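Everything below concerns the one structure shown next.
The values are calculated or read from the model by the stated rules, or taken from the named source; none is laboratory data. Quantities reported herein were computed from a predicted structural model and do not represent experimental measurements. So basically every Cβ, Gly included, is an ideal-geometry build from the backbone, and we count neighbours across all protein chains shown.
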Amino acid sequence: GPHAGKLVAIVDVIDQNRALVDGPCTGVKRQAMPFKCMQLTDYVIKVPHSARQKFVRRAWEKAQVNEKWEQSSWAKKIEARQKRAKMSDFDRYKVMKAKRMRNKIIKHEVKKLQKEAAKK
């Protein structure tokens, strides 16, 4: 949906299928969202049930959720996937040539090490 990939805080659980969420620093307005559309992270902020957006924002910034998220491997994978999707043909060509060069160097070093090991 329109909020895919954005971080939100679960402010209150409405029922077994939906939760009230708020993304004070990610541009997601307070709304009910089904659990099926969410993936839980390890980041927890302490807020009372149905806390106001101002309170959630303060707790979010105090817990440094955005900074922790940017350091996570999950966020880095998403960023790399987006970067790869935006590549042009020429960018893909440059990546292919760089990989080819890297593999050639690795192959050369491996052969050199194998020759040294065979001499001993």
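Summary of values
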{"read-out": "Residue pairs meeting the criteria (Cβ under 8 Å; at least 6 apart or on separate chains; first assigned by TED's automatic domain parsing to the domain that holds Gly23, in segment 66-79; second among the aromatic types (Phe, Trp, Tyr))", "value": "Asn66/Trp60; Lys68/Tyr43; Trp69/Tyr43; Ala75/Trp69"}
{"read-out": "Residue ID - surrounded by the fewest Cβ atoms within 10 Å (Cβ to Cβ), chosen from residues in segment 79-120 that are under 30 Å from Ala4 (Cβ atoms) and either aliphatic (A, V, I, L, M) or in contact with a Leu (Cβ under 7 Å, 6 or more places away or on another chain) (or both)", "value": "Ala85"}
{"read-out": "Flag for Ile106 being among the β-branched types (Val, Ile, Thr) and outside any loop (DSSP other than H, G, I, E, B)", "value": "yes"}
{"read-out": "Test set (1) at positive phi; (2) in contact (Cβ under 8 Å) with a residue 40 or more places away in the chain - Gly27 fails condition number", "value": "(2)"}
{"read-out": "Candidates Gln64, Gln82 - the one that is out of contact with any strand residue (DSSP E or B) (no Cβ under 7 Å at 6 or more places or on another chain) and on the phi > 0 side of the Ramachandran plot", "value": "Gln64"}
{"read-out": "Residues of segment 30-57 that turn out to be aromatic (Phe, Trp, Tyr) and either in contact (Cβ under 8 Å) with a residue 40 or more places away in the chain or under 18 Å from Trp74 (Cβ atoms) (or both), as a count", "value": "1"}
{"read-out": "Enumerated helices (runs of 4 or more DSSP H) restricted to segment 39-96, each holding at least 3 residues that are more than 11 Å from the chain's Cα centre (by Cα)", "value": "53-62, 73-85"}
